[in-house]
1. From the gyration tensor of the Cα coordinates in the stretch 204-291, what semi-axes in whole Å does the equivalent ellipsoid have, largest first, with each one equal to sqrt(5λ)?
2. Checking the cross-link filter: which lysines have an alpha carbon closer than 20 Å to that of K248, excluding same-chain neighbours under 8 positions apart?
3. Check the straight Cα-Cα distances from K163 and name the lysines below 23 Å, setting aside those fewer than 8 residues away within the same chain.
4. When you have a sec, figure out the Kirkwood radius of the chain from all distinct Cα pair distances and drop it here in Å to one decimal?
5. Using just the Cα positions, wrap the stretch 19-87 in a convex hull and report its mean projected area in square nanometres, one decimal place.
6. Using a Förster radius of 35 Å, what is the FRET efficiency between Q119 and T291 based on their Cβ-Cβ separation? Nearest 0.05, please.
7. Using only the Cα atoms of the stretch 136-224, construct the convex hull and provide its projected area averaged over every direction, in square nanometres to one decimal.
8. With 5 Å bins from zero, work out the P(r) of the stretch 109-281 over every alpha carbon pair and list the percent per bin.
Amino acid sequence: MVITPAQPPEDSLPDNFDPFEHLQKIYIPQHNAIVNRYFSDLGDDWKPNIASPRSALRVACTMVDNDNQLIMSLRHHLLFDLLGYGKKNLAIFYGSSLDTALPVSGHPQLFLYFSQDPQAVPVNGKRLDHEKSCRLTRYASKAGQALPAITKTNLIEIAREIKTQFVEGKKGIVYTSGKIAVSYTDPPNGFPRGGRWLVNSKSEAISLYEKLCNIVDRPFDINKINVITPEKDSTTQTSTQTETILGKQYKEPVYRPVANLRFRYAYVSFGGSASPIFLIDTTFRNTALIT
């Protein structure tokens, strides 16, 4: 009589089940799919190499079968925390915490965000950033208005013009911030409140506003520029002076420091419950209309 060994129930794990090996088989393809999307600018035919900084980052982020738990954790940390993929499309506020704007009621609102390169931030210093916005007065945010509602084709055209004006060599252009406050007020053409642009020279501000007017296809008028140059000089980004608040020591805030800020991304807000649409994003943290 032949005795057939008892088979394990279908809903149980095999005797030689290895939890870590199973986790790797499930986790690695999911993680690497995200890596492929994040580094899609390198092309579909990319081969592992460290010839460029971005390619070297992709190699460092990509998991392989013989990775141990520590290496997998480090690769995950690099992509999601240091490179910032973990913040992708999760924030309910986009842009600089210093520059908030009222909800857009009629026209779509275009935002351009700039920030310091990480390596330029002093030790224990705060990264500087700035956000500039204007309204797309040629279009309405929604259908049924007097003006035509903006379309995806319109947004792509605007995104391409932003790339022309603010991106060079696959990187955002850099301008120098400083103590000079330059505003541009032209309500009919999308600049209703003349929000200031802190720069280190008047000529640089004029160039930036000209670029912005080109993007929204509106004429630039030098007579609508307003320049305020305070007597107080800029202070260094890392203040050495301290102040006491509720018994605790804090560093005194710096005054309009001189620093280089790079264009990072642009998005359009429509007001209400509609989500913003990213037009272009040099950080690759958000899904944009063009690369």
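1. In descending order the semi-axes read 34, 23, 14 Å.
2. Within the straight-line cut-off, K248 pairs with K126.
3. Once the sequence-local lysines are set aside, what remains near K163 is K88, K132, K152, K171, K211.
4. 22.6 Å
5. The number I arrive at for the stretch 19-87 is 4.8 nm².
6. Approximately 0.90, to the nearest 0.05.
7. With every direction weighted equally, the projected area is 6.6 nm².
8. Per 5 Å bin, starting at 0, the Cα pair percentages come out as 1, 8, 15, 18, 17, 14, 11, 7, 5, 2, 1, 0.
FYI, it's all coordinate maths here, none of it is from the lab. Here the structure is a predicted model, which is why all the values come from computation and not from measurement. No Cβ is skipped: glycine too gets one built from the backbone with ideal geometry, and neighbour counts run over all protein chains shown.
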